[in-house]
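Data block below; observations after.
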Protein chains: 2
Amino acid sequence: MQAYRTLEKRFARISDVESALGILNWDNDTIMPAGAAGQRAGQVATLSVIAHELMTGPDMPDLLQDASAAGDGLDAWQRANLAEMRRLHAHSSAVPADLVDAASRANSACERAWREARANSDFKALLPLLQEVLLRQRDVAQAKGAALGLAPYDALLDLYDPGNRMALIDPVFRDLAAGLPALLGQVLEHQSALPAPLPLQGPFPVELQTRLAARLMRAVGFDTGRGRLDTSTHPFCGGGNDDVRITTRYDEADFGSSLMGVLHETGHALYEQGRPREWLAQPAGRARGMTMHESQSLLIEMQACRSREFVEFLAPLVREAFDREGPEWQADNLHRRLTRVSPGFIRVDADEVTYPAHVLVRYRLETALIAGDLALADLPGAFDAGIRDLLGIVVPDDRRGCLQDIHWPAGLWGYFPTYTLGAITAAQLFEAARRAKPEIPARLVQGDFRPLLDWLRPNVHERGSSVGTAEIVRDATGFDLTASIYQRHLRRRYLDAA
Amino acid sequence: MQAYRTLEKRFARISDVESALGILNWDNDTIMPAGAAGQRAGQVATLSVIAHELMTGPDMPDLLQDASAAGDGLDAWQRANLAEMRRLHAHSSAVPADLVDAASRANSACERAWREARANSDFKALLPLLQEVLLRQRDVAQAKGAALGLAPYDALLDLYDPGNRMALIDPVFRDLAAGLPALLGQVLEHQSALPAPLPLQGPFPVELQTRLAARLMRAVGFDTGRGRLDTSTHPFCGGGNDDVRITTRYDEADFGSSLMGVLHETGHALYEQGRPREWLAQPAGRARGMTMHESQSLLIEMQACRSREFVEFLAPLVREAFDREGPEWQADNLHRRLTRVSPGFIRVDADEVTYPAHVLVRYRLETALIAGDLALADLPGAFDAGIRDLLGIVVPDDRRGCLQDIHWPAGLWGYFPTYTLGAITAAQLFEAARRAKPEIPARLVQGDFRPLLDWLRPNVHERGSSVGTAEIVRDATGFDLTASIYQRHLRRRYLDAA
């Protein structure tokens, strides 16, 4: 037990440093004066190095080995905690310091250049820098793969979605891709037979939007004693542990995108606030990767809050908040606006029917690039072909094509699939929740998320990282992840609705 | 140079951790959700331990010795930097870990109990806990004194006011004490012959107060690109380096105390924002202790902003901010309110004539307690006698007597004298500034602090910790610190004014 106890103390210390970084990063993106940027970068770099040093201290291999050898004395949570310690240590120590440095420099240089290249739609200008990023990511994938016993892309994926593998993703994504073009055609045809949504006349003052957002966060179950809502250019859920800070941005001409954004981030926050208290500062108490995190934000935003039931609750609140009346402010019209399907070029603006197409294309391309089966120079053409095949639209330029996202220039390879895996997981979890608690839809009409949250807490949030994503899904829903429930959800919402 | 360069890197890292702590502490006191308190305490404790470990690493003695041995290659700033490194290292390493721990526990326990003991005016209930604090502070004073070659109280003082010693303070405080009762009598007599200040009718909405405060901060010279103004229960100047965060609290019935508080903290902030840029993250670039810091806040608040000249500028702004007119809103009346003298029991509410009495009593008592010349049980009686002798008022209970301040329960021994040393230094610096730039008073009438700031930058702020407090004062004013200029300032403002 001695070695295990020492490791628990070490990881509690790492948790303190990392949650401090969470607050510093939140501050950076919300309220920090501009002149402090250089200094903040220095603080964040130093604390990141300190966390990395704590994780990769020279005594760590022996501690991990001693704790594992004495593993019989550990209970199930402690064993899971130790397994997560080993995994995190492997990710941190697998990559030699000079490669960490080279990859970090390549990412920084490429990310900086990307902003201009995107604005100019100039893929060629970015190509050499992006090539360097890709080469270093391949090196990282090799090094981590060797340490973790994984294929290269799986080793990258494991950082964002622990335990997930291409072999698990491929069949699910194949099913999804196979059904997508036909489904989209039917949805658009069905939609064209419905009345077009009526416009909502602004302006919607920020102060009123903020008050409405706070009201809805509380309804969903956000604990305001352990978190905040603020404003930033790019919305996120940050902070950490007992201090979960979500952000949004406001558009006075359109309250809907900010409101749905807040509900999305509230889903992330509920997960963070529901993690097992006694394991909060330990690896086993962390949220179980980005797929599960995205499943929680999408379960709240897409499954619950864009449901017809919730919009019944929402409509009078919106009328009251902005002091409006008329047919366009009724639940029917609001719901039609919130479930409008429209194939477009930009992933982050996509509806839930077309969103998977954006991810399927990126997943297919980044796996091929990491494997060396696609030359980076051929990326724009392959990207545009993929979008055309799945969505039937022609990408007009790289700005609205393969240059639109920060992920590849910033070195975030292996991240994209978690968005759509999260959406699929959300549908499967929400269906299981309604099966277990049939009152959930009726309660959403009253704005009461308690039954849903009561189900999510033990089935997802409180499991932390004590088991893998696949096991959480299986235990909670009765079977392995499948695209079919997500597809059924889309058909019900977008084809059966009057 | 090798050892010195290694030390510079080490101290830059310490600066990153400490300035990160500055932001975490600011956040804690301003906007943090209440439920995050436990977690934040853990983060702060962990980062403090990390900073302490960086400062006292096993290689530090050799590095300091090697750098000193090779000192010929260093320029004046580098030599000063190395001297400050040695001093900071001595303070951190002089006290054995178990004593650090015991003192920290004693302070925490006593500080917690103090809040209730103060509310109940119950010194006896606090006595055993305060005795433990005092004993541990004596141990700390002994340990630091041995390491620094200083008498025990001087060793405590050196942490807050580097280089200052009882032998330097005693004659200055003796002069001050000798003149105080007579001066106070004359001031009160003079004041009674003047018209009583007219009351200002509130309410003064927080939003209007905030806008006025921001206007005045900018006028004084606060760089809003490198700092912020926010709200907290107890006003302070925090953050660090390029991110100086000051706070205030608002009272809608009285705008004056918040406004003067903001100007006070702005004085602190100007010092922080004016430190030498190339030494910002090094010991030599730090502010030169609490006496010099308090001199800067009091120079702005007391010397400049309560001057008749500045109130000429202030009066129309105040009328405009709150949309008021009438004789009570004229500069005459405002100035009379801002320079009202009234002996009272509470140090933090004291005017600049009576404030020194509160410090003189505390200084006399804490030096006697550290020396063992006074039993702690006799503190209340000795405290009350001191106040009576200097201010002629009778302390009604310990709540308004020796229990009013957090310093002693929190283990901040050796801190009190810096308040009044700061006030004396402020008067001496302001007189020197006006001698060098006779246009300063006329410019204050226009709200123009540029000439004053132009003098403070090279003479105080940009010197950082490259020389001692005494040397800064001597170089800037032409002679050693003396009470006489402060006394002259008080006579001019409170006896000569019509």
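Annotations
- Matching residues, the range B:392-437, being part of a helix (DSSP H, G or I) and of a type in the set (K, R): B:R399, B:R400, B:R434, B:R435
- Any hit, the range A:268-278, residues being in a helix (DSSP H, G or I) and among the aromatic types (F, W, Y): yes
- Once the range A:1-40 is narrowed to residues that are out of contact with any strand residue (DSSP E or B) (no Cβ under 6 Å at 6 or more places or on another chain) and of a type in the set (F, W, Y), the residue that is nearest to the other protein chains (Cβ to nearest Cβ) is A:F11.
- Filtered by the rule that a residue be open to solvent by less than 10 Å² (accessible area, probe 1.4 Å) and under 29 Å from B:G185 (Cα atoms), the range B:308-328 gives B:F310, B:V311.
- Test: A:A423 is in the same structural domain as A:N164 (by TED's automatic domain parsing), more than 20 Å from the chain's Cα centre (by Cα) and open to solvent by 10 Å² or more (accessible area, probe 1.4 Å): no
- Taking the criterion of being more than 30 Å from the chain's Cα centre (by Cα) and farther than 19 Å from B:L216 by Cα, the residues of the range B:315-339 that qualify are B:E325, B:G326, B:P327, B:E328.
- Residue that is surrounded by the most Cβ atoms within 10 Å (Cβ to Cβ), among those in the range A:95-120 that are at pLDDT below 95 and not in a helix (DSSP H, G or I): A:V95
- When the test is whether a residue is closer than 30 Å to A:G35 by Cα, of a type in the set (F, W, Y) and out of contact with any Cys (no Cβ under 7 Å at 6 or more places or on another chain), B:Y153 does not pass it.
- Contact map, the range B:81-93: residues that are within 11 Å of B:L148 (Cα to Cα) paired with residues that are of a type in the set (D, E, K, R), Cβ distance under 7 Å, separation 6+ or inter-chain. Pairs shown: B:H91/B:K144.
- Test result for A:E471, out of contact with any Lys or Arg (no Cβ under 7 Å at 6 or more places or on another chain), of a type in the set (D, E) and free of Cβ contacts under 8 Å to residues at least 12 places away in the same chain: yes
- Test result for B:E265, buried (at least 23 other Cβ atoms within 10 Å of the Cβ) and either under 20 Å from B:T425 (Cα atoms) or more than 14 Å from chain A (Cβ to nearest Cβ) (or both): yes
- On inspection, B:T6 does not qualify as in contact with an Asp or Glu (Cβ under 6 Å, 6 or more places away or on another chain) and either modelled with pLDDT of 95 or more or of a type in the set (D, E) (or both).
- Qualifying positions in the range B:451-487 - loosely packed, with under 14 Cβ neighbours inside 10 Å and either within 23 Å of B:A269 (Cβ to Cβ) or not acidic (D, E) (or both): B:P458, B:G478, B:F479
- Contact map, the range B:278-292: first residue within 19 Å of B:H268 (Cβ to Cβ), second residue of a type in the set (D, E) and open to solvent by less than 10 Å² (accessible area, probe 1.4 Å), Cβ cut-off under 7 Å, separation 6 or more or different chains; pairs are B:G289/B:D161; B:M290/B:D161; B:T291/B:D161.
- Any hit, the range B:348-356, residues being within 23 Å of B:E252 (Cα to Cα), β-branched (V, I, T), in a loop (DSSP other than H, G, I, E, B) and out of contact with any Leu (no Cβ under 6 Å at 6 or more places or on another chain): no
- Qualifying residue in the range B:190-198 (condition: more than 19 Å from the chain's Cα centre (by Cα), closer than 30 Å to B:D323 by Cα, within 14 Å of chain A (Cβ to nearest Cβ) and assigned to a helix (DSSP H, G or I)): no
- Residues that are over 20 Å from the mean Cα position of the chain (by Cα) and either under 16 Å from B:L421 (Cα atoms) or buried (at least 21 other Cβ atoms within 10 Å of the Cβ) (or both), drawn from the range B:340-369: B:L369
- Residues that are within 12 Å of chain A (Cβ to nearest Cβ) number at least 3 in the following strands (runs of 3 or more DSSP E) confined to the range B:213-254: B:227-231, B:243-248.
- Apart from one condition, A:P181 fits all of (1) in a helix (DSSP H, G or I); (2) surrounded by 17 or more Cβ atoms within 10 Å (Cβ to Cβ); the exception is (2).
- Just one of the listed residues (B:A281, B:A287) is in a loop (DSSP other than H, G, I, E, B), within 14 Å of another protein chain (Cβ to nearest Cβ) and open to solvent by 10 Å² or more (accessible area, probe 1.4 Å), namely B:A281.
Yes/no per residue for (1) modelled with pLDDT of 95 or more; (2) among the charged types (D, E, K, R); (3) assigned by TED's automatic domain parsing to the domain that holds A:D454:
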site	(1), (2), (3)
A:E132	yes, yes, yes
A:P171	yes, no, yes
A:R174	yes, yes, yes
A:L183	yes, no, yes
A:A196	no, no, yes
A:M217	yes, no, yes
A:V220	yes, no, yes
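The values are calculated or read from the model by the stated rules, or taken from the named source; none is laboratory data. This one's a predicted model, so the numbers in the text were calculated from it and none came from an experiment. Ideal geometry is used to build each Cβ from the backbone, glycine not excepted, and the neighbour counts take in all protein chains shown. These accessible areas exclude ligands, DNA and RNA; they are computed on the full protein's heavy atoms, side chains included. Shrake-Rupley method; radii C 1.70, N 1.55, O 1.52, S 1.80 Å.
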